[in-house]
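Trainee: Have a look at the structure that comes next, please.
The values are calculated or read from the model by the stated rules, or taken from the named source; none is laboratory data. Quick caveat, the model's predicted, so the values are computed rather than measured. Backbone-built Cβ (ideal geometry, glycine too); neighbour counts: all protein chains shown. Just the protein is used for accessible areas: all its heavy atoms, side chains included, with ligands, DNA and RNA removed. Shrake-Rupley method; radii C 1.70, N 1.55, O 1.52, S 1.80 Å.
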Amino acid sequence: MAEEHRPSPAAQEPPAADAGERVAAERLFGDRQDLAERYVAHLASSGIVRGLIGPREVPRLWSRHVLNCAVVEELIPRDARVADVGSGAGLPGLCLALARPDLRITLVEPLERRVQWLDEVVSDLGLANVRVLRSRAEQAKDEVGEVDVVTARAVSALVGLLDITLPLLRGTGELLALKGRSAGDEIEKAHKKLARHGARSTEIVVAGEDLLAEPTTVVRVRL
């Protein structure tokens, strides 16, 4: 029997931010708020059609995705060089680029269809502080260049994530891994590997406490 062909999900209208989300967005994006709204529109339309975001996520694009990622900017020093590993739909990399034009961000993504989408969105939004690199993180060290901060969201458990992110730092800098309630358990399971990589400190920090109903949990690893 021939395999049934499933049609691509349909594009959706971008969700309007509610009052609390709008306040947070205006604080985070300032005069780039219109660009953030265009990014959300990309996620809800071509991001859905091309499989970067699930259709059920559309109502939560502001709270669960864009704002959840953008608040991490408060943890990043000014003028930092950032590599966003497994960038996918630009989470958190594009959100950070929108919130912090001073950052120089490389989106590292191995899948061609995602890279094409990221290139289109970066071009449409005119983000001069972003470049897109098609590569697996473990092979990207030379092309990424000098990096101060590595970010990652929904890539893998911490024990596996360390091997593909910490080498990009070349012995100095920090990893900011966006995590959920399992953060403590993940650190415990990764303690031997953290020592092997020479981590100076590992801690759970919270970003966006003053902006979001559900702040973002981040595992920060410093070399």
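Trainee: Just going by the charge dipole of the chain, with Lys and Arg at +1 and Asp and Glu at -1 on Cβ, which of 139, 121, 7 is farthest out on the positive end?
Mentor: Highest projection toward the positive end goes to 139.
Trainee: Hey, another quick one. Can you give the Rg to Rh ratio of the range 60-151, both from alpha-carbon atoms, with Rh computed by the Kirkwood formula? Write down the numbers at each step before the final one.
Mentor: Details: Rg = 12.1 Å, Rh = 13.0 Å.
Reported Rg/Rh, Kirkwood definition of Rh: 0.93.
Trainee: Against the empirical 2.2 N^0.38 Å scaling, what ratio does the C-alpha Rg of the range 50-93 come to?
Mentor: Output field value: 1.31.
Trainee: Rounded to whole Å, give me the distance from the Cα center of the range 166-223 to that of the range 96-110.
Mentor: Taking the Cα centre of each part, the range 166-223 and the range 96-110 sit 19 Å apart.
Trainee: Also, quick follow-up: For the range 149-223, what is Rg from Cα atoms divided by 2.2 N^0.38 Å, rounded to two decimals? Intermediate values should be presented prior to the final figure.
Mentor: Values: Rg = 11.9 Å, N = 75, 2.2 N^0.38 = 11.3 Å.
Cα Rg divided by the expected 2.2 N^0.38 Å: 1.05.
Trainee: OK, next. Using the Cα centre as the reference, give the magnitude of the dipole from point charges on the C-beta atoms of the chain (Lys, Arg: +1; Asp, Glu: -1; all else neutral), rounded to the nearest 20 debye. Don't skip to the end; give the middle numbers.
Mentor: Values: 30 positive and 34 negative charges, 135 e Å.
With only Lys, Arg, Asp and Glu charged at Cβ, the dipole is about 640 debye.
Trainee: In Å², what does the accessible area per residue of the chain work out to with a 1.4 Å probe? Intermediate values should be presented prior to the final figure.
Mentor: Numbers: 11020 Å² over 223 residues.
About 49 Å² of surface per residue is accessible.
Trainee: Follow-up. Using every alpha carbon pair in the range 91-223, what percent of pairs falls into each 5 Å bin from 0 up to the bin containing the largest distance?
Mentor: 2, 10, 19, 22, 20, 16, 9, 2, 0
Trainee: Which percent of the accessible heavy-atom area of the chain goes to carbon and sulfur, probe 1.4 angstrom?
Mentor: Numbers: 5160 of 11020 Å².
Ligands and nucleic acids excluded, carbon and sulfur give 47 percent.
Trainee: Report the calculated FRET efficiency for residue 112 and residue 16 (r = Cβ-Cβ distance, R0 = 41 Å), to the nearest 0.05.
Mentor: Numbers: r = 33 Å, r/R0 = 0.80.
Calculated value: 0.80.
Trainee: Where Rh denotes the Kirkwood radius from the mean inverse Cα pair distance, what is Rg over Rh for the range 1-118?
Mentor: Values: Rg = 15.2 Å, Rh = 15.0 Å.
Rounded to two decimals, Rg/Rh equals 1.02.
Trainee: Let me ask another. When DSSP beta bridges are limited to those with both residues in the range 71-223, what percentage is antiparallel, rounded to the nearest 5?
Mentor: Beta bridges within the range 71-223, antiparallel portion: roughly 40 percent.
Trainee: For residue 172 and residue 8, what does the FRET efficiency come to when R0 = 35 Å and r is the distance between their Cβ atoms, rounded to the nearest 0.05? Kindly include the intermediate steps, with their values, before the conclusion.
Mentor: Working: r = 44 Å, r/R0 = 1.25.
It comes out at approximately 0.20.
Trainee: Would you work out which of 35, 207, 219 lies farthest towards the positive end of the dipole of the chain? Charges go on Cβ: Lys and Arg +1, Asp and Glu -1.
Mentor: Of the options given, the answer is 219.
Trainee: So what is log10(I(q)/I(0)) for the chain at q = 0.08, 0.09 1/Å, when the Debye sum runs over its Cα atoms only?
Mentor: -0.28, -0.35
Trainee: Among 80, 69, 98, which residue has its Cα furthest toward the positive end of the charge dipole of the chain, with +1 on Lys/Arg Cβ and -1 on Asp/Glu Cβ?
Mentor: 80
Trainee: Still on this structure, I have one more. Could you give the angle, 0 to 90 degrees to the nearest 10, between helix 33-44's Cα long axis and the longest principal axis of the Cα atoms of the chain?
Mentor: 80 degrees
Trainee: Computed FRET efficiency, Cβ-Cβ of residue 210 and residue 56, R0 25 Å: what is it to the nearest 0.05? Before the final figure, lay out each step's value.
Mentor: On the way: r = 29 Å, r/R0 = 1.15.
Given R0 = 25 Å and the Cβ-Cβ separation, E is 0.30.
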